[in-house]
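Working notes for the structure below.
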Amino acid sequence: MAIVDGSAIRLNDRALLARFGEAYATKYDWPVRPDDLDPENPDAAYYAVQPRIVLGWLTATEIGETIPRWSFARPD
């Protein structure tokens, strides 16, 4: 499990979304329908996240114990 704290922006670039769809289909052998990549489709939103801090753990019993934490510097 993970918690990602950072900034997110909605992706509206059709060329970028098309490249994402191609990469996803190649990796997972599961094609993405063109309407699912349409930034005008309110049921299909894609976001890019610039993480600031990420926390990760394997089980609920680890909460409160030592949990890995990664901090990311903001780009200039």
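The values are calculated or read from the model by the stated rules, or taken from the named source; none is laboratory data. Just so it is clear, the structure is predicted and the values come from calculations on it, not from any experiment. Every residue, glycine among them, receives a Cβ derived from its backbone with ideal geometry; neighbour counts consider all protein chains shown.
Of note:
- When region 14-49 is filtered for residues that are of a type outside the set (A, V, I, L, M) and under 25 Å from VAL4 (Cα atoms), the ones remaining, listed by number, are ARG19, PHE20, GLY21, TYR24, LYS27, TYR28, ASP36, PRO39, PRO42, ASP43, TYR46, TYR47.
- Candidates ASP35, ASP29, ASP43, filtered to the one that is at pLDDT 95 or above and among the acidic types (Asp, Glu): ASP29
- Checked against the criterion of being surrounded by 10 or more Cβ atoms within 10 Å (Cβ to Cβ), assigned to a loop (DSSP other than H, G, I, E, B) and modelled with pLDDT of 90 or more, region 48-70 has no qualifying residue.
- Of note, PRO42 does not satisfy the criterion of being touching a helix residue (DSSP H, G or I) at 6+ places or on another chain (Cβ under 8 Å) and either over 22 Å from ARG74 (Cβ atoms) or part of a loop (DSSP other than H, G, I, E, B) (or both).
- Scanning region 25-49 for residues that are under 16 Å from ASP13 (Cβ atoms) and not aliphatic (A, V, I, L, M) returns PRO34, ASP36, ASP38, PRO39, GLU40, ASN41, TYR46, TYR47.
- Identity of the residue in region 1-32, of a type in the set (Asp, Glu) and surrounded by 11 or more Cβ atoms within 10 Å (Cβ to Cβ), that ends up nearest to GLN50 (Cα to Cα): ASP5
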